[in-house]
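The values are calculated or read from the model by the stated rules, or taken from the named source; none is laboratory data. Model, not experiment: these values are computed from the prediction. FYI the Cβ positions are ideal-geometry reconstructions off the backbone, even for glycines, and counts take in every protein chain you see. Accessible surface is based on the protein model in full, side chains and every heavy atom, while ligands, DNA and RNA are left aside. Shrake-Rupley method; radii C 1.70, N 1.55, O 1.52, S 1.80 Å.
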Amino acid sequence: HGSHVSGCADAVTNNGVGVAGPGYMCRFLPVKVSLDASTSAIDNGYDGIVYAADHGVNVINMSWGRAGGPSSFEQSIIDYAAINKDVTMVAAAGNTSTDAAQYPPAYDNVVSVAATTNTDAKASFSTYNFTVDVCAPGNNIYATVANNTYGLMSGTSMASPVAAGCA
């Protein structure tokens with residue numbers, strides 16, 4: 001997932017190899033937010049936000065989220081990065097096919113990204129909600145994967161880094 005998301009945002013451009021990401025010539029800071037023996041996808045996402053913000057990033061992509069209500073602790077971390085460190089925060093709206101707020105994309109100071117198809121229609125899996133700010137391609141996206149190769153994946157996890165790469 002992380003290798004594909006990275007390629008969606010900033011795969012090397014103009015080298016005649018593989019794919020090209022919209023984040024032309026950007027620098028990339030990978031931040032590990034899962035434990036080695038993790039039973040969930042993201043264990044330390046908000047710690048990762050602080051780490052990235054404190055290390056001078058301009059844009060943070062969050063291709064993860066959860067249902068449920070907001071958390072003042074999580075919002076305070078988003079505010080710290082966005083307001084105190086001037087970081088653009090971009091997050092995947094979710095893959096629930098429902099009208100539902102997901103977090104972190106529904107927080108203030110986060111650009112929430114839904115997914116579209118190659119015909120610019122909403123992808124069937126994409127979460128939609130009044131908190132969604134923008135849409136980006138997210139269906140059958142060809143990008144980098146592990147072991148020095150490429151593959152197709154779909155999800156708002158792919159749409160979010162495309163938008164982040166543009167930012």
Rounded to the nearest 20 Debye, what is the dipole magnitude of the chain about its Cα centre when Lys and Arg each give +1 and Asp and Glu each give -1 at the C-beta?
-> 340
Which order do 120, 47 take by accessible area at a 1.4 Å probe, largest first?
-> 120, 47
Area accessible to solvent at residue 28, 1.4 Å probe radius, in Å² = 110
Protection proxy ranking of 55-68, 11-24 - average other beta-carbon atoms within 10 Å, highest first = 55-68, 11-24
Just for segment 100-167, what percent of DSSP beta bridges are antiparallel, to the closest 5?
-> 60
Leaving out ligands and nucleic acids, note down the accessible area per residue over the chain with a 1.4 angstrom probe, in whole Å².
-> 53
Return the carbon/sulfur percentage of the accessible area of the chain, one whole number, probe 1.4 Å, all protein chains in place.
-> 52
Taking the dipole about the Cα centre of the chain, with the C-beta of Lys and Arg at +1 and of Asp and Glu at -1, give me whichever of 154, 61, 94 is farthest to the positive side.
-> 154
The relative contact order of the chain, taking Cα pairs under 8 Å that sit 6 or more residues apart, comes to a percentage of 26
